[in-house]
Amino acid sequence: MKQVIVVNEALHLPCGKLAAQVAHAAIGAFLAADHSAQVEWLSCGMTKVVLACESAAALRALQDLATAAALPEFLVQDAGRTVLAAGTVTCLGIGPASDQAISAITGALKLLP
């Protein structure tokens, strides 16, 4: 079991903003998961991997793939209170779900530097 957060690298977010957006994605995707997946993930260490993609369009395409695979997902759109315009797509959380199911969608992406 793992959870993956994919970040829109084109935004070059400041560290604090990036941390907040990743946290939104992690919690949102966790809440989208069914109870049994939540319990299993919590009991096995809550593995999280943060990856990068090139754009909001790429995040939306990954979201479509996750939805088609019936994986829990959550797309973060910024509220616009600080450094980004309201609605800016920043991150996508996928999982918790099986390593194999998530890797089938995100396996070609690189770790966030």
* If you go through the range 83-113 one residue at a time, how many are closer than 18 Å to HIS24 by Cα and crowded, with 17+ Cβ neighbours inside 10 Å? -> 11
* Structure fact -> Among the residues of the range 16-59, the number that are among the small types (Gly, Ala, Ser), over 11 Å from the mean Cα position of the chain (by Cα) and within 12 Å of LEU112 (Cβ to Cβ) is 1
* Asked: Got a sec? Which of GLY80, GLY16 is at positive phi and loosely packed, with under 12 Cβ neighbours inside 10 Å?
  -> GLY80
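Computed from the coordinates by the stated procedures, all read-outs in this text should not be read as laboratory data. This one's a predicted model, so the numbers in the text were calculated from it and none came from an experiment. Heads up, the Cβs are rebuilt from the backbone with ideal geometry, glycines too, and the neighbour counts pull from every protein chain shown.
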